[in-house]
1. Taking C:LEU192 and the conditions (1) within 12 Å of chain D (Cβ to nearest Cβ); (2) part of a loop (DSSP other than H, G, I, E, B); (3) crowded, with 22+ Cβ neighbours inside 10 Å, which numbered condition does it fall short on, given that it satisfies the others?
2. In this structure, is D:MET65 farther than 18 Å from B:PHE51 by Cα, free of Cβ contacts under 8 Å to residues at least 12 places away in the same chain and facing chain C (nearest Cβ under 10 Å)?
3. Considering only the range D:111-133, state which residues are within 26 Å of C:ALA155 (Cα to Cα) and more than 7 Å from chain B (Cβ to nearest Cβ).
4. Against the conditions (1) modelled with pLDDT under 90; (2) within 25 Å of A:PRO248 (Cα to Cα); (3) buried (at least 19 other Cβ atoms within 10 Å of the Cβ), where does A:THR51 fall short? Just the number, please.
5. Is it the case, given these coordinates, that D:ILE108 is modelled with pLDDT of 85 or more, more than 30 Å from C:GLY99 (Cβ to Cβ) and either more than 7 Å from every other protein chain (Cβ to nearest Cβ) or buried (at least 17 other Cβ atoms within 10 Å of the Cβ) (or both)?
6. Answer yes or no: is there a residue in the range C:92-113 that is surrounded by fewer than 21 Cβ atoms within 10 Å (Cβ to Cβ) and of a type in the set (Asp, Glu).
7. Which condition does C:ASP95 not pass, out of (1) out of contact with any Pro (no Cβ under 6 Å at 6 or more places or on another chain); (2) assigned to a helix (DSSP H, G or I); (3) among the charged types (D, E, K, R), if it passes all the others?
8. If the requirement is being modelled with pLDDT of 90 or more and more than 7 Å from chain B (Cβ to nearest Cβ), which of these qualifies: D:ALA45, D:ALA74, D:ALA19?
Amino acid sequence: MLWLLALLPAATGALLLASGVQRRGTLALIAGLGLAATLALVPVAVVAGWTGRLQWSGTLALQAALTPLSALVAALVPAVALPVLVYAAYRERATGLVRLLGLLLLFCGAMELLVIADDLLTLLIGWEVVGACSWALIAHHWREAENPRSARYAFVMTRFGDTGLFLAAMSAYAGSGSFAYADLARLDAPHLAVVAFGVVLSAASKSGQIPFSPWLFRAMAGPVSVSALLHAATMVAAGAYLLARLQPWLAPVSGFGFAVMAIGSATALAGGVVALLQSDVKKVLAASTSAHFGLMFVAVGAGFPGVAVLHLVAHGFFKALLFLCAGVAIDQSGGHALSAMRLGRTLPAVAVMAAIGAASLAGLPPLGGAWTKDAIVAATAGAGLGWSGALIVAGGLSAAYAVRWVWLAFGLGQASPPDKQVSLPTPTQAMAAAASLGWLAAASVLLSALWLPAVREHLASTLSTTLPPESSALMGAAVGAVALGAFTGRWLAVSKPTLGQGERIAAVADWWGLPALIDLTVVAPMAALARASAWADDTVIDAMPRAVKRAGQWLAHASARIDDTALDAMPGTARSASQWLAARLAKEDGRVVDRGVGLTTAFVGWLGRATSGIGELVADGVASGPAQLVSLGGQDAQRLQTGLSHHAFAALLLGTLALGAVLFAIRL
Amino acid sequence: MTLQALLIVASALIGLGLYGVLSQQSFVMLMMGFELILNGVLLMTMAFWSFGSAGAPKGQLLAILVMAVMALEMAIGFALVTAVYRQRQADTTEALDTLKH
Amino acid sequence: MNAATAVGATLLLMLGGAWLVAVFDRIAAALVARRPVGSLWLGPLQSGASLLVSRTNQTEHPDALNWALAPALYLVLAFVGVALVPFSTSGALVDIPAGIVLWGAVESLTVVAVFLHGWSANALFPLLGAYRYVAVGLPIMLVSMFVLIAAALPAQSLALGAIVQSQAGLWNVVRQPLGLPLFLLLGLSLTLRGPFNYADSADLAGGTDAERSGPPRAVWQWARLSMAVSFSAMAATVFLGGPLGPAWGTAELGPLWLTLKTAVVLALLVAASHLLARMPPSRMLTLLWTVLLPLSFVGLVAAGIEAAP
Amino acid sequence: MNDLISGIDIAFWALAAIAVLSGWRVFATDSMVRASFLLLLSFMAVAGIMLLLAAPYIGVATIFMMAVEMMVMAVFMVMFMMNPAGLNPMSMVHQQPLAIGAGVVAFIGLSAAVLTSPLPDQPVAADHRAIHALGIEMLGDSMLIFESAGVALLSAMIGSVILSSRSGRFGPADPGSRPPGLCEGGLPAGSVPDENKNHGMGHGMQHDTPNAAPQDTHGAHGAQGS
């Protein structure tokens, strides 16, 4: 019965795709109804205590269950997706709009499946579908050749992380004979360690933590609504949620907490700097996503999954809000450059919403985001002040880039007249965008209630989770850092509006050159390997016949040369020597022996000629005969390589016969 | 009808198919040779199933897999022939020496 | 019943059924065209007789063997099909445990027979008809495969007798509403009729039949009619409970019920072949691959869920 | 009983003869369409033998599958054999002696192996429910094998569609699907009506059907083959 949560959005998506509806209004209505129904189902499921179990085969079963935390996330997904889809239905390009909406709904369905999953197998299914949908969505405008490449980049990178989850599932099954979360408790230490670090790997890759962060930037190739959903409630959220869901079982593993906190805080700091230096309106937000999910990782590592999920909720609302604002700004200014916006006067209403979102991103009290962030800081108190300090700095950074972002994007510049090629939205489109922005902003504001202790206690009891103890000192430090960061951000925005367009800074702003590093360490070696093997095939394999032939020819020439120079010389010298001797004798005494000597000379000369002829013959034969044979053999060897398939078949047959003969001989 | 007789018939089919594979110029005829070989293999499988294994179900499964292999060979083979024909307008083995490095 | 009577009954059914189909055809044609029916009862026999006495013609360099045998092959296939049908709960002429798969083989061999018929003539129109027919006949056969497997699911057996028994409570036509309509489309294709008549249609001057005349043509036409009968018997068996009748008299009156149901399916078939229009082959292919085949999948899944223990 | 067995023997030897003879005629006949249907005949004979072997499902499924396969085969034959009905004489063989030798060697070798090696003797029980057992096996222990075969078939379908689609990674296929040139990249055969046409059919077809165009290139191939 609980499967409904996952099936309903997916079914709505299928319905959209099937019904050839084209009107934006109708599309928005159908998608909205589907998501609203899902949202309404969550409390029903909680109250009725629904669970799902599907016996696949004797040993495999798909299970679904709701813990309080997962119920919260299961409600978050449709609550964020609803405004985003309304926005998408009204504001995205008309080409492929139905496909976009259908995929977004399927995306939500898969995320819900991942959330309600109660065993690793179900989780894997949802996980995979989420990844596939993200690929299709990032490449949505596939006619621009760059987008599919970015999609593949993101997909491959997250896929690499997925292997970790597969490892985890296999190890869990090997250890306990079941995929269920509950049976993780029965695992022995080694298996559990494999599970833990596999989960950490895949969670880090999905949530865009270091070193996987760059895919979040490439994911910006997708439409705005895709980015909003992907960063707020579905894809990226999956990683942090998974850690929070499995934390009770994985916490005992030694090094789990430290690894998660280290990854998280490193990403939080690095991402903060990246976001501060970015000049692209969307990439700032992307980097901030990584940073804030880093915070959630730290919370999980510190042992407070509840706090992590609370921050996930708050972050989901304001990040979707900010992305939609960025979308409006991009539509208005026709570009992604922060320095060319300043739309405060052009879009006052949107500016107000963006300010609310940015305030929660910055962690300015009394907004909900602020409290959850400070709660995470407080959560690290037990783990050591070093972590807390890092998080406070990260909080200051996030305040800085949030203020800088909102100041640059929606600051009160002169009301810039939109350039011509930008098509301004129709009134209905503007209304729809305003409505969805309003929904998200209202949710962000409502979360301020977290500051009231009564609300907080009630929440903690309903979620049956523990909140970290308050610590005024840390709180003060955090607020101070936020104030300082806010001023820094304003100063940067005012005095250096074009920050991040220079070479060096741009390099830092692209994840400290991490993409280049990945290319260098992973992509390049692979390509090199491929090239090397191709080269080996062409040269080494094919070289043998050619080498034989060349050797033969060389041998032939060499021996011929030797024979011409050395061997032919001998008889010649003999002849001249004898003639010289004859001349001397003739000079000694004239006519007497003259005739005899003449004969001798003639004889010796003939002898010399004869020997030289024979020597020529013999020497040549000895030298060049074998050489020619060798060269012929070489040519034949090369001729074998015809490239005709039937010759290949014949060779195959002969080889098979030889093999059979060998086997037969062995058998005898 | 003995196992020996069945197997000899099957090997005759295999020999014929081998002849076809080696002697035919046209790709399509060549594939028929493969099919004939697989035909013999199928007969051998079922012969062993029926006489040699007291009807172990795995034997029939193997036969079904052989049929699947036939279907694969047909599909991919014809697709390749079509693609090659469109690329090089070659439909005989002589006309296609691109395997040469 | 002993074998001799069974064979006799089968022959009778095939002859009478073929004649009945011809009669139905005339009625339907007359109704559709709103013109008076000509000589209704004797008409088919007259045309058949005229074919039998007229001369046969030859084409240039035909593939003589297949040119001669194709109609016979088609006829034989029709008889094989009807021989599989269990006439009574006691069994059929040919009662093999994989009867429904054998019927599938009959379907596919029918495509072969029609192709041979058109190809062996070595003439343009028959060849075109054969090509078109193959292109459309194979996909619709796939559809029918899924339909038949769906029908075999509740019986948990591939034997037609078991399939009949499995309908004792509820006929498959109710249990699997998608089945019979899709299967009827296959029948149209098997018997070269109406919307699926790409082989012998008039726009190819008779298609594979264009070069035929005389007794072979008569045999071919009779084979078409007999295939209609054998298909209808099969449909009645698989979807209408075959020889199963009301509570009384299933045992002894089985053949009667089967014949009645066969006649009903025949009427449906003829009506469909006269009422449905024919599309261009390309659009028909799109329809087959993108609508009918997925539809048969849906039917199969539904049948599986319904038949799950 | 005894004569029943002998009846089975007769049927077996008849079917075996049909299978082998038609298998031989496949490569000895002129028309490729005939060749494919002869192959179908050989398959059907083998299927009949399987029926005798008390494997009804496999036998009937073989008939069913092979009828479809050979039908497709025949269509492709005609497509690639270039003359409209694939009825012209043609002999396209090479490395004939090697092929014959290989075939004979394979046959003799396999038969020798059969005759020399000890064969198992556990005949299937008369009342063996082969189909039931197969079903249990396929959807039970060997489900993975069976499913992976299905997946392989699916991927083969996708691959063949990609390979042969009109426009795919091999670019738009329309230029390639025009009839082949007599020389590489030359004018298609039959694009200029040539007079010395001596094959019986197709006088009317030359201008009616695209099948007629490749007709002459078949002659070219024949020359190449002989």
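The values are calculated or read from the model by the stated rules, or taken from the named source; none is laboratory data. Values in this document were obtained by computation on a predicted structure and should not be read as measured data. All Cβ positions, even for glycine, are placed from backbone atoms using ideal geometry, and neighbour counts span all protein chains on display.
1. Every listed condition holds for C:LEU192 apart from (1).
2. Criteria met by D:MET65.
3. First, the residues of the range D:111-133 that are within 26 Å of C:ALA155 (Cα to Cα): D:124-133.
Scanning the range D:111-133 gives D:ALA126, D:ASP127, D:ARG129, D:ILE131, D:HIS132.
4. All conditions pass for A:THR51, except number (3).
5. Considered against the rule, which asks whether it is modelled with pLDDT of 85 or more, more than 30 Å from C:GLY99 (Cβ to Cβ) and either more than 7 Å from every other protein chain (Cβ to nearest Cβ) or buried (at least 17 other Cβ atoms within 10 Å of the Cβ) (or both), D:ILE108 comes out as yes.
6. Within the range C:92-113 (the criterion being surrounded by fewer than 21 Cβ atoms within 10 Å (Cβ to Cβ) and of a type in the set (Asp, Glu)), the answer is yes, since at least one residue qualifies.
7. (2)
8. Just a single option satisfies the conditions, and that option is D:ALA45.
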